[in-house]
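Engineer: Dropping the structure in here first, questions after.
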Amino acid sequence: MSAPASWNRDTLPEGAEKQAAVRDMFDAIAPRYDLVNRIMTFRLDVRWRRRAVRSLALPTGGRVLDLASGTGDLCLDLAKAGYRPLSVDLSLGMLMADRSGAPRVQADILRLPVPDASVDGVTCGFALRNLVDLGRFFDELGRVVRPGGRIALLDVGIPHNGLVRWGHGIYFGKVVPRIGGWLSDPAAYRYLPRSVAYLPPAADMLAMLQRAGFADATHDELSGGITQLLGGTRDR
């Protein structure tokens, strides 16, 4: 199975077409997803996830949704930190490859099958750019996270430093697709550097989170800005 032809076009898909293409793409790359991530990030992805989990700073035993959970890496880190994770992903292929042992649910994370104010926290790793409607996603976080609960959302970033941005652009745009093509699905990893275009500026994402009920929303650049971490506390 290979990623959909949508990623080979000059323009990126939108709406329902994007959702279907993202689901099919992650179904296709699930078997070697972890291997490719470790190689192409030089294991920095491990550090970024642990930083996200630490930033939650929730009481032990808190229920945390890991959204777009993939193969369960964040769920493993959440469990090690003493939380009770629930793995939620649109891709059945990813959920079948989940080795975390956490309860798993296949669902559209824009329409979470959980009650209002029912979870202590939410994590999401490198999936914001894959969503059809980011504002709606943030509103959904505001709905399901209890007052005082926390969120930690990771995604790729664009470094502000010109030299770092130049070097990262070459690596991310030229080298990463080759690594992904050799080890997994070429079309999927050609999409990866292009998908950054889906992400709005940090200031816009912070404004959306504040409107969704996270007044103290924060944005941190990790590893020189190649990754970004959005956090916040649900208003009481």
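The values are calculated or read from the model by the stated rules, or taken from the named source; none is laboratory data. What you are looking at is a predicted structure, and each value in this text was computed from that prediction instead of being measured. Positions of Cβ are backbone-derived with ideal geometry, glycine not excepted, and every protein chain shown enters the neighbour counts. Just so you know, the surface numbers come from the protein's heavy atoms only, side chains and all, with ligands and any DNA or RNA stripped out. Shrake-Rupley method; radii C 1.70, N 1.55, O 1.52, S 1.80 Å.
Engineer: Any residue at all in the stretch 95-116 that is in contact (Cβ under 8 Å) with a residue 12 or more places away in the chain, part of a strand (DSSP E or B) and polar (S, T, N, Q)?
Structural biologist: For the stretch 95-116, residues in contact (Cβ under 8 Å) with a residue 12 or more places away in the chain, part of a strand (DSSP E or B) and polar (S, T, N, Q): present.
Engineer: Now, a different point. Given the condition of a type in the set (Lys, Arg), at pLDDT below 95 and surrounded by fewer than 16 Cβ atoms within 10 Å (Cβ to Cβ), answer yes or no: does some residue in the stretch 74-97 qualify?
Structural biologist: Scanning the stretch 74-97 turns up no residue that is of a type in the set (Lys, Arg), at pLDDT below 95 and surrounded by fewer than 16 Cβ atoms within 10 Å (Cβ to Cβ).
Engineer: Taking residue 145 as the residue in question, decide whether it is more than 21 Å from residue 111 (Cβ to Cβ) and open to solvent by less than 60 Å² (accessible area, probe 1.4 Å).
Structural biologist: no
Engineer: Please indicate, with yes or no, whether at least one residue in the stretch 155-171 is open to solvent by less than 50 Å² (accessible area, probe 1.4 Å), in a strand (DSSP E or B) and among the hydrophobic types (A, V, I, L, M, F, W, C).
Structural biologist: yes
Engineer: While we're here: Could you list, in sequence order, all residues of the stretch 98-111 that are hydrophobic (A, V, I, L, M, F, W, C) and open to solvent by less than 30 Å² (accessible area, probe 1.4 Å)?
Structural biologist: 102, 107, 109, 110
Engineer: Any residue in the stretch 12-34 that is without any contact (Cβ under 8 Å) to a residue 12 or more places away in the chain and within 25 Å of residue 133 (Cα to Cα)?
Structural biologist: yes
Engineer: Moving to a separate point now. If I ask for residues that are within 15 Å of the chain's Cα centre (by Cα) and either more than 19 Å from residue 223 (Cβ to Cβ) or at pLDDT below 95 (or both), which ones from the stretch 47-67 would you list?
Structural biologist: Across the stretch 47-67, the qualifying residues are 64, 65, 66, 67.
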